[in-house]
1. Is there a residue in segment 48-62 that is surrounded by 10 or more Cβ atoms within 10 Å (Cβ to Cβ) and modelled with pLDDT of 85 or more?
2. With respect to residue 22, is the statement that it is modelled with pLDDT of 65 or more, surrounded by fewer than 10 Cβ atoms within 10 Å (Cβ to Cβ) and of a type in the set (Val, Ile, Thr) true?
Amino acid sequence: MLLAAFDGPDGIIVLVIVLVLIFGGTAIPKLARNLGSAKTEFEKGLKASKTDAETSAPTDTPPASAPKDTDTPS
């Protein structure tokens, strides 16, 4: 309903005018800069968690230095 009012190029112009009136001309570049840096930090976090998950993936084979089970009778 409300989004239909902002459909097309005329709606985008109206939306920009409303944003300038609400936030002021100087606050919009600061807001855009903060959104860009937040996106960058979010992507860094995703990349870091992805590399951590890949490096700490469990393997099926035990390490070579694992102690042998000596409690079982031979």
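The values are calculated or read from the model by the stated rules, or taken from the named source; none is laboratory data. This structure is a prediction, so every number in the text was calculated from the model and none was measured. Glycine also receives a Cβ, built like all others from the backbone with ideal geometry; neighbour counts cover every protein chain displayed.
1. yes
2. When the stated conditions are applied, residue 22 passes them.
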